[in-house]
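Visitor: Before I ask anything, let me first share the structure, which is written out below as structure tokens.
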Amino acid sequence: MELTQRQQKILAAVIELYIATGEPVGSKSLCETLDFNVSSATVRNEMSNLSEMGLLEQPHTSAGRIPTEKGYRVYIDRLMKRPGITGDEKRYIDSLILPSAYDPEKLLDGVAKILASMTKFAAVSTTPSGESAVIRAVQLVQTSRRTAMVILMTSAGTMKSRVFHCDFDITPEILRVFFRMLNEKLIGVPVSSVTPAYIQSLAASMGDMAMMISSALMAVADAAQESMQSEVCLNGEINLLFYPEFGQEEIRRIMDFLSRPADLCRLLSKQKDDVRVIIGQESRRPELSDSSVIVSRYNVGGRDAGAIAIIGPMRMNYGRIISSVEYLSGSVGRMLTELMDLE
């Protein structure tokens, strides 16, 4: 679709004015914002042309114009300006997430809270999936006379723990033996390979130690299975109640969708670009037909690991929010990579 330079400026101005005010944009108010001289009649004609192209629509016959999904898409892909994050803003964001940088799940939960607070939309983050990860280390911590905790660390930056019980007193020497055997056998093994059958074969290879270490091996298997799944951190759903674009039915549908973590994970995992904006029906989810989703993937150790995203009405400050989401995902990836390197 070819737009003249004037049409591009008018479309961008309509969308930015509508985002700022939430009111349909008329030719008179639009003329006051344009950076070139043009009559109100010319602006009306151009707005009519943009409507015929499917980029603008008129909610009521006597009202001004508002953007369509197609109009937003052209604006985002071709016309939008993206303000950068200032140094002070970066330092402020980092100061909020740094206290949780030692724990991947706390970090991503904190990121969702920060993003919901910054944008006033619903915010989502997913923890790294261990599907393509390998085991980096196994730690053991004694919790009582006959119980200890297995902590499984993977190359995706995840840490999962399970408590196991023994029928004998656990001494520091026994714990050191368990630690050595588990790390010798498991470091570098794909997490997806740690199945019950694999654990059985591993126990068989340990000879006389198999009975003593069996409960620790089962704890490792449970932790490995848990690390295979991405977890969803959701925050700020209540923010969506305050947008007039959403009626009761729209809110009910969105809330129903947000309550299904598996569906959320599937939507976010499909987005392989660094940052992507999904507008309305592009999501192919009827529950989100009146919403926009901004998704940014983050990498851990150079591998795609998870996502952070916001969900809100189509009327949002895309340029500003994209920059914030992109910076946060970059920070998350960097912190998780550093955590992984320290293990």
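Visitor: Pull out all pairs, ordered by first then second residue, where Cβ-Cβ is under 8 Å, the residues are six or more apart or on different chains, the first lies in region 99-112 and is free of Cβ contacts under 8 Å to residues at least 12 places away in the same chain, and the second is buried (at least 23 other Cβ atoms within 10 Å of the Cβ).
Guide: What qualifies is S100/L107.
Visitor: Hey, can you tell me all the residues within region 285-330 that are hydroxyl-bearing (S, T, Y) and touching a Leu at 6+ places or on another chain (Cβ under 9 Å)?
Guide: Listed by number, the residues that qualify are S291, S296, Y298, S324.
Visitor: Turning to a different aspect of this structure: Can you pull out the residues in region 214-232 that are open to solvent by less than 20 Å² (accessible area, probe 1.4 Å) and either assigned by TED's automatic domain parsing to the domain that holds K120 or touching a Leu at 6+ places or on another chain (Cβ under 8 Å) (or both)?
Guide: A216, L217, V220, A223, A224, S227 - these are the residues of region 214-232 that are open to solvent by less than 20 Å² (accessible area, probe 1.4 Å) and either assigned by TED's automatic domain parsing to the domain that holds K120 or touching a Leu at 6+ places or on another chain (Cβ under 8 Å) (or both).
Visitor: With respect to the numbered conditions (1) crowded, with 19+ Cβ neighbours inside 10 Å; (2) in contact (Cβ under 8 Å) with a residue 40 or more places away in the chain; (3) not assigned by TED's automatic domain parsing to the domain that holds P104, which one is the sole condition not fulfilled by I170?
Guide: Status for I170: all satisfied but (2).
Visitor: Quick one: count up the residues across region 288-330 that are part of a helix (DSSP H, G or I), touching a residue at least 40 places away in the same chain (Cβ under 8 Å) and over 19 Å from N235 (Cα atoms).
Guide: So the count comes out to 4.
Visitor: I need the helices (runs of 4 or more DSSP H) fully contained in region 12-90, keeping only those with at least 1 residues that are modelled with pLDDT under 95, open to solvent by 30 Å² or more (accessible area, probe 1.4 Å) and farther than 30 Å from G330 by Cβ.
Guide: Helices (runs of 4 or more DSSP H) meeting the threshold: 27-31, 40-52.
Visitor: Same structure again: Identify, please: which residue in region 91-107 is open to solvent by 90 Å² or more (accessible area, probe 1.4 Å) and not charged (D, E, K, R) and is, among those, farthest from S125 (Cα to Cα)?
Guide: Among them, the one singled out is Y92.
Visitor: Looking at G157, is it at pLDDT below 95, of a type in the set (G, A, S), under 25 Å from T337 (Cβ atoms) and open to solvent by less than 60 Å² (accessible area, probe 1.4 Å)?
Guide: Criteria met by G157.
Visitor: Could you check S329 against (1) under 20 Å from K120 (Cβ atoms); (2) surrounded by fewer than 22 Cβ atoms within 10 Å (Cβ to Cβ); (3) under 11 Å from the mean Cα position of the chain (by Cα) and say which number it fails?
Guide: All conditions are met except number (2).
Visitor: Now for a separate question. Does region 197-209 include one or more residues that are touching a Lys or Arg at 6+ places or on another chain (Cβ under 8 Å) and either under 30 Å from A307 (Cα atoms) or touching a residue at least 60 places away in the same chain (Cβ under 8 Å) (or both)?
Guide: no
Visitor: Would you check which residues across region 214-228 are in contact with a Phe, Trp or Tyr (Cβ under 6 Å, 6 or more places away or on another chain) and without any contact (Cβ under 8 Å) to a residue 60 or more places away in the chain and list them?
Guide: Selection gives S215 alone.
The values are calculated or read from the model by the stated rules, or taken from the named source; none is laboratory data. Everything numeric in this text was worked out from a predicted model, so none of it was measured. Every residue, glycine among them, receives a Cβ derived from its backbone with ideal geometry; neighbour counts consider all protein chains shown. Surface areas here come from the heavy atoms of the whole protein model, side chains and all, with no ligands, DNA or RNA. Shrake-Rupley method; radii C 1.70, N 1.55, O 1.52, S 1.80 Å.
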